[in-house]
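Worksheet: the structure to be examined is printed underneath.
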Amino acid sequence: MDNLLDRISSPADIKLLTKVQLNRLSHELRQEIIETVSRNGGHLGPNLGVVELTIALHYVFDSPTDKIIWDVGHQSYPHKLLTGRSKRFSSLRKFKGIGGYPSINESVHDAFGTGHSSTSISAALGMAVARDLSKQNHSIIAVIGDGALTGGMSFEALNHAGHLKKDIIVILNDNQMSISKNIGALSSYLSGIVTNPKYSKIRKSVRDAIIGLPAVGEKAAESVGNIEDMLRSFSKAGLYFKALGFKYFGPINGHGLEGLIKAFRNIKQIRGPLLLHVVTKKGKGYGLAESDKERYHGVTPFNIENGENLSKGGKTTYTEAFSRAMINLAEKDSRIIGLTAAMPKGTGMDSFAQVFPDRYFDVGIAEQHCVTFAAGLARAGMKPVAAIYSTFLQRGYDQLIHDVCIQNLDVTFAIDRAGIVGEDSPTQNGAFDISYLCAIPNMVVMSPKDEDELGHMLKTAIEHNGPAAVRYPRGEGLGISIRNPYKKISIGKSETIRKGKDITLLSLGSCVSISEKAAIILGKKGISAEVINARFAKPLDEKSIISSVKKTGCLLTVEENSVKGGFGNHVLGMLSRNDIMVKAKCIGMPDKFISHGPAQFLRERIGLTPENIARQAKALVW
């Protein structure tokens with residue numbers, strides 16, 4: 001039997017398949033996703049859950065004329081496979097291969113690029129307004145799910161869309177999960193609709209009526225409206241979305257292809273903003289992913305048969321080191337509160353939650369709220385620690401300034417995934433946190449050279465009377481033994497690791513060990529390099545840095561952050577203010593968005609290697 005997926009070069013090919021073939025195609029898509037992700041890593045559970053939904057969307061609608069916008073983006077693998085990228089799908093998340101998220105630069109079928117959540121309805125509404133102003137006539141569909149409705153931006157967009165009454169379709173992919181278990185009152189409300197016994201009695205008949213309507217424009221809309229009113233008379237389903245100006249339909253089975261196709265054909269005829277509630281199972285079709293939705297949300301390469309991780313190392317990760325330090329410090333101080341924005345496992349806060357359930361809060365995909373929630377806790381005498389990925393903390397920047405730093409509140413930010421993250425998308429790299437944090441008055445910014453120093457910095461940040469951030473990379477540490485008890489570091493105090501007389505290598509975080517290796521290479525060439533672990537991007541250890549560069553006359557700064565407005569720029573500005581003139585160069589992430597690919601490979605491409613640092617240092621000295 002031939003492979004149907006090999007026949008699909010565009011969504012138009014899907015429309016030629018029979019019902020039996022469509023179901024076969026769903027099986028082939030799941031197999032392709034499981035096999036590819038098992039080799040390359042990636043997002044497994046969310047993509048397996050939207051296979052039938054994706055097929056039905058492309059069967060009914062006409063991409064790229066009709067615009068299909070995927071929220072979050074980690075639900076887009078089936079979409080990529082059905083839009084001309086199946087032959088290249090083996091390159092998923094590899095350098096110059098298929099990206100892990102939708103990208104307008106990758107395909108005309110990717111209507112809007114994404115990597116963060118809760119953006120699809122806003123983008124869809126903007127496109128709808130532009131469509132109408134341009135006198136065009138096509139459908140615009142936003143597929144939102146995996147917890148994205150917990151993000152405040154989605155509510156803002158729903159409210160505006162209901163007001164404008166534009167023709168947009170919102171598909172709520174309700175799998176009762178985001179990356180971890182959904183948080184919030186709306187999630188509980190939607191779950192209550194699906195599980196309510198009274199509702200269940202009529203759900204099947206109403207669903208069948210909705211999907212069974214002939215697609216005859218306004219008559220179909222009128223009939224669906226009558227069914228919608230009948231549904232509301234039996235339950236509270238849809239009242240929330242109706243209040244926002246949306247017609248609400250569902251929930252319907254997100255894995256029944258025939259029902260989905262009929263439903264899409266009918267709602268396509270209805271005018272105004274509408275929302276179709278589709279219930280899916282995250283990880284559908286792969287037993288291990290169905291039973292452990294959180295673990296198999298995003299995975300590294302694994303054994304398909306037993307789920308065994310094929311790339312697990314033996315060293316403590318920075319996330320694990322943070323988690324251990326949090327628990328240790330919280331045992332000694334009852335004021336320490338752990339916060340995360342829908343990333344308990346990714347940030348290591350899940351372990352803290354098990355030990356201190358009453359002092360742990362997952363706020364959902366709501367970084368802005370998380371920051372101000374932390375500010376409120378601090379104002380009331382608590383010591384909140386908000387663990388958020390670098391790229392996601394960008395979403396709470398206004399709150400960082402206005403709610404935390406202006407009031408000089410005692411909030412600690414544990415910034416995971418700082419620097420290059422790797423395979424998923426340019427949206428995931430933490431390239432700007434030093435730049436955007438150091439610009440804010442009252443903020444202390446530090447970065448550990450290894451997993452041991454992380455714990456001491458966390459203690460320092462928590463005990464500091466004011467806002468402080470500790471930023472650290474994704475992945476394993478250096479294999480350093482972790483000292484306990486943790487000791488407070490003097491704010492703004494650097495550490496000279498290696499004495500030298502020809503050039504100063506000044507770095508912080510993950511770049512300290514690289515600089516040490518570069519110094520060894522330089523030593524073999526007769527160049528004596530002084531290596532300083534700055535520890536703090538703000539405040540700088542001005543006395544030690546000035547003393548060193550006056551001695552060596554040359555300075556090379558190294559950081560895993562954008563060189564524009566980064567650590568090196570701050571150092572050069574400080575030297576300029578002190579009328580210190582030296583030969584200097586800054587090495588870091590370039591002024592461009594870095595493509596997806598293996599993290600170490602990307603570091604090599606941008607020159608964050610001992611060999612390149614040694615070459616640059618040699619050029620400065622000679």
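Observations on the model:
- Matching entry among P485, P473, P441 (being assigned to a loop (DSSP other than H, G, I, E, B) and surrounded by 21 or more Cβ atoms within 10 Å (Cβ to Cβ)): P473
- Looking only at segment 374-401, and only at residues there that are out of contact with any helix residue (DSSP H, G or I) (no Cβ under 9 Å at 6 or more places or on another chain) and buried (at least 17 other Cβ atoms within 10 Å of the Cβ), the one that is farthest from Y436 (Cα to Cα): L377
- Of the residues making up segment 370-406, those that are part of a strand (DSSP E or B) and small (G, A, S) are A386, A387.
- So S38, is it in contact (Cβ under 8 Å) with a residue 40 or more places away in the chain, of a type in the set (S, T, N, Q) and assigned by TED's automatic domain parsing to the domain that holds G254: yes
- Counting only helices (runs of 4 or more DSSP H) wholly contained in segment 530-622, the ones carrying 1 or more residues that are over 20 Å from A418 (Cβ atoms), among the aliphatic types (A, V, I, L, M) and touching a strand residue (DSSP E or B) at 6+ places or on another chain (Cβ under 8 Å) occupy 542-552, 567-577, 610-621.
- Scanning segment 488-514 for residues that are surrounded by 17 or more Cβ atoms within 10 Å (Cβ to Cβ) and assigned to a strand (DSSP E or B) turns up I497, I503, T504, L505, L506, S507.
- Output for segment 425-437, where each listed residue is farther than 13 Å from M589 by Cβ, buried (at least 22 other Cβ atoms within 10 Å of the Cβ) and either of a type outside the set (S, T, N, Q) or outside the structural domain of I388 (by TED's automatic domain parsing) (or both): L437
- Helices (runs of 4 or more DSSP H) contained in segment 1-119 and holding at least 2 residues hydroxyl-bearing (S, T, Y) and in contact with a helix residue (DSSP H, G or I) (Cβ under 8 Å, 6 or more places away or on another chain): 19-40, 51-60
- Residue identified as more than 15 Å from D416 (Cβ to Cβ), buried (at least 17 other Cβ atoms within 10 Å of the Cβ) and not hydroxyl-bearing (S, T, Y) among L310, L329, L339: L329
- Number of residues in segment 515-553 that are among the aliphatic types (A, V, I, L, M) and surrounded by fewer than 22 Cβ atoms within 10 Å (Cβ to Cβ) equals 4.
- Of all residues making up segment 312-350, the number that are within 21 Å of G479 (Cβ to Cβ), among the hydroxyl-bearing types (S, T, Y) and without any contact (Cβ under 8 Å) to a residue 40 or more places away in the chain: 1
- Criterion: within 20 Å of R603 (Cα to Cα) and in the same structural domain as Q600 (by TED's automatic domain parsing) - qualifying residue of L506, L555, L540: L506
- When segment 532-588 is filtered for residues that are touching a residue at least 12 places away in the same chain (Cβ under 8 Å), small (G, A, S) and farther than 22 Å from I489 by Cβ, the ones remaining, listed by number, are G553, S562, G565, A584, G588.
- Of all residues in segment 515-529, those satisfying the criterion of being in a helix (DSSP H, G or I) and more than 36 Å from the chain's Cα centre (by Cα) are I520, I521, L522, G523, K524.
- Residue match in segment 88-108 (condition: within 20 Å of G254 (Cβ to Cβ), more than 20 Å from the chain's Cα centre (by Cα) and in the same structural domain as L274 (by TED's automatic domain parsing)): no
- Counted residues, segment 407-435 - those being under 19 Å from N105 (Cβ atoms), modelled with pLDDT of 95 or more and not in a loop (DSSP other than H, G, I, E, B): 0
The values are calculated or read from the model by the stated rules, or taken from the named source; none is laboratory data. Please read all numbers here as calculations on a predicted model, not as lab measurements. Glycine gets a Cβ as well: all are built from the backbone with ideal geometry, and neighbour counts include every protein chain shown.
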